[in-house]
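Read-outs: derived from the displayed coordinates by stated rules, not from any lab. Computed from a predicted structure; not experimentally measured. Here the Cβ positions follow ideal geometry from the backbone for every residue, glycine too, while neighbour counts run over all protein chains shown.
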Amino acid sequence: MKKILILLGPPGAGKGTVGAHLARQWGIPLISSGDLLRESVRNSTELGQQARQFMVRGQLVPDRLVLGLIGQRLARTDAAGGFILDGFPRTAAQAEALSQLLDEENFRVIYLKASDDFLVERLSNRRVCELCGAIFHLINIPPRQPGVCDSCGGRLIQRDDDQPEVIRNRLAVYHEQTTPLLNYYRQAGRLTEVSGERPLQETLETIQQQCPW
Ligand code: AMP
């Protein structure tokens, strides 16, 4: 059975951290639309230049840009045996496009749920490695050496959009545009709700129990 997992939830709920652990364990890629977009911005591709203006404000990048990027990534051979999606889909149009792509696949959707206050605190303390993208939290998952990535020795930075005003905007955009997807997948019988506020190990075990593979 192909392992296909969609991680839904607000920014900061833990999709990236949880996804990275499960992807390593299951031997499948973690595909993050945010990471793909940030890479395009770093490489200053035409798409990256267009996407950047939305990302710095915490707004969603237009569907046509994101769909092209995700379509190309899912077509790569390493995704043939399954994949975990983080941050995609985020709009009804993206969910529709994904349904077409997934066709008859037996995929699962996990909704990582957390309150806004909890998320603002977690995102303000988040640091990411500028080289490998590993995620840390200054209090809960601190790096062994301050400012240095445990995995690759890269520099830890605060994402531009992890500043308080931008965080609040991202949460507002999430509530408005992405929350409706919960019902879409709930009605399709694919959604499981899991707390994103629990310790990582507990969250991973709960998700593993929900997946049929
Ligand atoms: P993330 O890393 O998932 O928090 O995404 C960071 C930013 O990238 C978001 O605030 C959006 O500007 C953009 N982005 C990521 N994924 C999507 C998506 N599926 N649709 C539209 N914009 C996205």
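Applying the Karplus relation 6.51 cos²θ - 1.76 cosθ + 1.60 with θ = phi - 60° to the stretch 88-100 yields 3J(HN,Hα) values of 9, x, 10, 9, 4, 5, 5, 5, 4, 4, 5, 4, 4 Hz, where x marks Gly and Pro. Derived scalar couplings between HN and Hα for the stretch 145-159 equal 10, x, x, 10, 5, 5, 7, 10, x, x, 7, 8, 10, 9, 4 Hz in order, rounded to whole Hz, by the Karplus curve 6.51 cos²θ - 1.76 cosθ + 1.60 (θ = phi - 60°), x for Gly and Pro. Counted by Cβ distance under 12 Å from LEU7, the other residues give a net charge of +3, where Lys and Arg count +1 and Asp and Glu count -1. Quarter the surface of the alpha carbon convex hull of the chain and you get the mean projected area, 11.1 square nanometres. Entry note: the stretch 109-213 has Rg to Rh equal to 1.02, where both radii use alpha-carbon atoms and Rh is the Kirkwood radius. Applying 1/(1 + (r/R0)^6) with r as the Cβ-Cβ distance of ARG190 and ARG76 and R0 = 22 angstrom yields a FRET efficiency of 0.35. Amide H contacts of ARG159 (H built 1.01 Å from N, in plane; Pro and chain starts excluded): VAL128 sit under 5 Å, all sequence-distant by 5 or more or on other chains. Converting phi to 3J(HN,Hα) with the Karplus coefficients 6.51, -1.76 and 1.60 and the offset θ = phi - 60°, the stretch 53-69 yields 4, 7, 5, 5, 8, x, 8, 6, 6, x, 3, 4, 6, 5, 5, x, 5 Hz in sequence order, with x at every glycine or proline. Amide H to amide H distances under 5 Å link SER32 with ASP86, where only residues 5 or more positions off or on other chains count and H is placed in the peptide plane.
Highest average first, the peptides 82-92, 146-156 ordered by how many other beta carbon atoms sit within 10 Å of their residues are 82-92, 146-156. The C-alpha atoms of the stretch 101-170 occupy a region whose extents along the principal axes are 46, 29, 21 Å, arranged from largest to smallest.
Only Cα pairs under 8 Å and 6+ residues apart enter the sum, and on that basis the relative contact order of the chain stands at 29 percent.
The alpha carbon convex hull volume per residue for the stretch 61-114 rounds to 96 Å³. Here the Kirkwood formula, the inverse mean of 1/r across different C-alpha pairs, assigns the stretch 26-75 a hydrodynamic radius of 11.2 Å. How many percent of the alpha carbon pairs in the stretch 1-103 exceed a separation of 16 Å? When all Cα pairs of the stretch 1-103 are counted, 57 percent exceed 16 Å.
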